[in-house]
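Below is one structure, written out as structure tokens; comments come after it.
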């Protein structure tokens, strides 16, 4: 299964595995799953880490390098992704999360998230 991890799950998988649910950890460690991360998550870290308000955000370049070294596949942001994100119903206000939903839907991936607000998008989003 092709899994796209939301930003918090990526950070927790890299540096705080105890925060992952058993279900999330099982899916991430299952070698039959292909793990993906969005450029939107790197962008989010690049914006939020320097602000220092949420100390869970690592430096974006460190996050990206670690993900690539651990065989995560980078998903670029394309115009179709942007258009799909803009067309989503306004169920969630975070533009980074809306991009992740759009990417998962367009690319035929399952978006893993611990965010109950994000899970309301249903198709292609899995709450773990």
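The values are calculated or read from the model by the stated rules, or taken from the named source; none is laboratory data. Please read all numbers here as calculations on a predicted model, not as lab measurements. Cβ placement follows ideal geometry from the backbone for every residue including glycine, while neighbour counts extend to all protein chains displayed.
Some values worked out for this structure:
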item	result
Some residue of the range 44-52 being modelled with pLDDT under 95 and not in a helix (DSSP H, G or I)	yes
Selection from the range 81-97 of residues that are assigned to a loop (DSSP other than H, G, I, E, B), surrounded by 12 or more Cβ atoms within 10 Å (Cβ to Cβ) and more than 14 Å from the chain's Cα centre (by Cα)	88, 91, 92
Flag for residue 108 being at positive phi and under 13 Å from the mean Cα position of the chain (by Cα)	no
In the range 16-33, residue modelled with the lowest pLDDT [restricted to those that are assigned to a helix (DSSP H, G or I) and either within 12 Å of the chain's Cα centre (by Cα) or within 20 Å of residue 97 (Cβ to Cβ) (or both)]	19
Subset of the range 1-54 [free of Cβ contacts under 8 Å to residues at least 40 places away in the same chain, surrounded by 12 or more Cβ atoms within 10 Å (Cβ to Cβ), under 18 Å from residue 95 (Cα atoms) and in contact with a helix residue (DSSP H, G or I) (Cβ under 8 Å, 6 or more places away or on another chain)]	37, 42, 45, 46, 49
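Yes/no matrix, rows are residues, columns are (1) closer than 15 Å to residue 13 by Cβ; (2) touching a helix residue (DSSP H, G or I) at 6+ places or on another chain (Cβ under 8 Å); (3) crowded, with 19+ Cβ neighbours inside 10 Å:
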{"site": "75", "(1), (2), (3)": "no, yes, yes"}
{"site": "79", "(1), (2), (3)": "no, no, no"}
{"site": "99", "(1), (2), (3)": "no, yes, yes"}
{"site": "108", "(1), (2), (3)": "no, no, no"}
{"site": "112", "(1), (2), (3)": "yes, yes, yes"}
{"site": "119", "(1), (2), (3)": "no, no, no"}
